[in-house]
Amino acid sequence: MSLIDKSKKHHFISQAEQKLNAINPYASNDSNMKIYSFSIKDRNNYEFSLENKKGIKISNNLKDIDIFSFDILDNSLRYNFESLFYKYESKILQNTNSLLKKISENNRNVSIEITNIFFTKFLNFIRNPHSIRKVINTFPDLKYLQPLDPIENSKFQKILTGNQPHSAYICNLYNITNKEYKDWLSIIFLLLNPVNNTGRVLIEDVVKDMFESKNNFLFVYVYTYSEKTCALSDRGFSEPITNNNSINFDFNLSSNSFIRYIFSYIDIDTSTSKDIIDVHKRMKKTVIYDPIYNDLNMLRNYNQCVAYQCFNRIYNSERECYGLTIT
């Protein structure tokens with residue numbers, strides 16, 4: 001995979017996803033698109049402060065200089081992951097709009113969109129610097145591995161020994177050690193590194209296993225709203241339910257929609273009989289999917305969960321956000 005790139009300004013939540021939450025989504029020039037930013041005032045009481053009444057430019061938001069670079073060659077070239085990220089994030093707009101269009105048409109043939117959106121959002125979790133320690137804990141074994149292919153391994157070694165004059169700044173900014181920074185970059189490299197010459201990458205297998213595992217039920221709910229808005233977290237995701245029986249993710253889709261994935265482990269669910277579990281494991285895996293319209297109780301829950309679990313900011317297309325107190 002080619003990793004030499006000119007890009008220095010690295011977004012960890014793509015501009016495409018932020019634009020789906022823009023104040024002015026129909027701006028003639030994309031560079032003029034803006035979004036409202038809110039900083040935490042009282043996390044426990046869901047109180048936030050609007051930072052700029054005119055909004056902030058999306059092009060300058062949720063990004064850092066060279067955060068994904070691991071060998072600076074000169075003023076213009078560096079090794080980083082930007083071309084790999086773009087390969088996936090460039091499809092998020094198409095998949096999101098396709099899903100929402102099908103929902104509006106009562107078309108339930110949405111499995112491709114649901115899978116592709118989860119893949120991109122899960123990649124966002126991995127690349128988000130506010131989740132560095134969580135990523136390392138999620139993939140603890142990867143930090144000890146290296147590519148077997150000599151060419152790919154030579155690129156990988158640049159993470160360990162490359163010219164990284166920005167690393168001290170990044171570590172200080174996100175309160176991590178240099179080792180944690182390198183471990184995180186190593187995990188990203190290995191998850192996006194092609195497996196055996198197949199062109200397939202490891203993160204695709206991770207997502208495939210989650211979706212096709214016989215040991216869980218997969219529930220997907222898409223919540224859409226005609227008037228109220230859905231917040232976007234600086235972490236890019238939230239976890240609406242915390243328990244040992246399931247893995248749960250909420251992701252913002254657009255200013256008026258969010259999606260919830262629930263991977264529920266059937267062997268842990270003692271209320272389910274062994275016969276039903278055995279039948280389920282023999283069946284072809286299907287996604288249990290439901291679109292839900294204008295459920296304001298769920299929107300309040302979603303926005304408050306996003307607000308409570310964000311690092312220090314949330315974003316929105318309007319100055320008010322349902323379920324939160326904005327000052």
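The values are calculated or read from the model by the stated rules, or taken from the named source; none is laboratory data. Nothing here was measured: the structure is a model prediction, and the numbers come from that model. Note: ideal-geometry Cβ built from the backbone for every residue, glycine included; neighbour counts use all protein chains shown. To get the accessible areas, we keep the full protein, side chains included, count just its heavy atoms, and leave off ligands, DNA and RNA. Shrake-Rupley method; radii C 1.70, N 1.55, O 1.52, S 1.80 Å.
So which residue, out of Leu185, Leu173, Leu123, gets the largest mean-square fluctuation from a GNM of the chain using Cα contacts under 10 Å as springs?
Highest fluctuation of the listed residues: Leu173.
Out of the total accessible area of the chain (probe 1.4 Å, heavy atoms of protein only), what percent is carbon and sulfur?
Roughly 50 percent, rounded to a whole number.
What is the calculated FRET efficiency for Thr327 to Asn196, with r their C-beta to C-beta distance and R₀ = 51 Å, to the nearest 0.05?
The pair Thr327/Asn196 has a calculated efficiency of 0.40.
Just Lys87, Lys134, Lys102 to compare: in a GNM of the chain, with alpha carbon springs under 10 Å, which one fluctuates most?
Evaluated over the chain, the most mobile residue of the options is Lys87.
Given Cα pairs under 8 Å that are at least 6 residues apart, what percent is the relative contact order of the chain?
Relative contact order here is 22 percent.
Mind running the shape call on the chain? Use the C-alpha gyration tensor, a ≥ b ≥ c as the square roots of the eigenvalues: rounded below 1.5 for a/c, prolate if a/b tops b/c, oblate otherwise.
oblate
About the Cα centre of region 82-209, what is the dipole size in debye to 20, counting +1 per Lys and Arg Cβ and -1 per Asp and Glu Cβ, all else neutral?
220
Determine the per residue accessible area of region 19-173 with all protein chains present and a 1.4 angstrom probe, expressed in square angstrom.
Accessible area per residue, region 19-173: 51 Å².
Decide, for region 1-100, between rounded, prolate and oblate: order the square roots of the alpha carbon gyration tensor eigenvalues as a ≥ b ≥ c, take rounded if a/c falls under 1.5, and otherwise choose prolate if a/b is larger than b/c, else oblate.
Details: a/c = 2.04, a/b = 1.50, b/c = 1.37.
Prolate.
Nothing charged except the Cβ atoms of Lys and Arg (+1) and of Asp and Glu (-1): what's the magnitude of the dipole of the chain about its Cα centre? Round to the nearest 20 debye.
With Lys and Arg at +1 and Asp and Glu at -1, about 400 debye.
Taking loop as defined by DSSP and a crowding limit of 13 other beta carbons within 10 Å, which GluC sites (Glu not before Pro) in region 1-101 fit?
Glu51
How much mean residue ellipticity at 222 nm does the chain get from its helices, if each DSSP H run of length 4 or more adds -39500 (n - 2.57) and you divide by all residues, to the nearest 500 deg cm²/dmol?
-11000 deg cm²/dmol
Where in region 235-254 is the amide nitrogen less than 16 Å from a point lying 7 Å along the Cα-to-Cβ axis of Asp295?
The answer is 239-242, 248-253.
For the cross-link pairs Lys19/Lys87; Lys143/Lys208; Lys9/Lys34; Lys63/Lys102; Lys87/Lys208, which exceed 23 Å when the distance is taken from alpha carbon to alpha carbon? Each step should come with its number before you reach the end.
Values: Lys19/Lys87 18 Å; Lys143/Lys208 21 Å; Lys9/Lys34 17 Å; Lys63/Lys102 32 Å; Lys87/Lys208 18 Å.
As for pairs spanning more than 23 Å Cα to Cα, those are Lys63/Lys102.
Using a 7 Å offset from the Cα along the Cα-to-Cβ direction at both Asn75 and Ser154, what is the distance between the two label points in nm, to one decimal?
2.8
Using the Kirkwood radius over C-alpha pairs as Rh, can you work out the diffusion coefficient of region 51-150 via Stokes-Einstein at 10 °C, viscosity 1.306 mPa s, in µm² per second?
Details: Rh = 16.9 Å.
Diffusion coefficient, whole number: 94 µm²/s.
Under a 10 Å cutoff between Cα atoms, tell me which one of Ser90, Ser317, Ser254 has the largest fluctuation in the Gaussian network model of the chain.
Ser90
For region 147-238, restrict the atom set to alpha-carbon positions and state the Rg and Dmax in Å.
In order Rg, Dmax, the Cα atoms of region 147-238 give 18.7, 55 Å.
Along the charge dipole of the chain, pointing to its positive end and built from +1/-1 on Cβ of Lys, Arg, Asp and Glu, which listed residue (Asn109, Gln146, Leu62) has its Cα farthest out?
Leu62
Loop only per DSSP, at most 13 neighbouring Cβ atoms within 10 Å: give me the GluC sites (Glu not before Pro) in region 185-272, ordered by residue number.
On the way: sites: Glu204, Glu212, Glu227; in loops: Glu227.
Within region 185-272, the qualifying GluC sites (Glu not before Pro) (loop, at most 13 other Cβ atoms within 10 Å) are Glu227.
Scan around Lys34 for amide H atoms under 5 Å from its own, H built in the peptide plane at 1.01 Å from N, and keep only partners 5 or more places away or cross-chain.
Ile23, Asn24, Ile58
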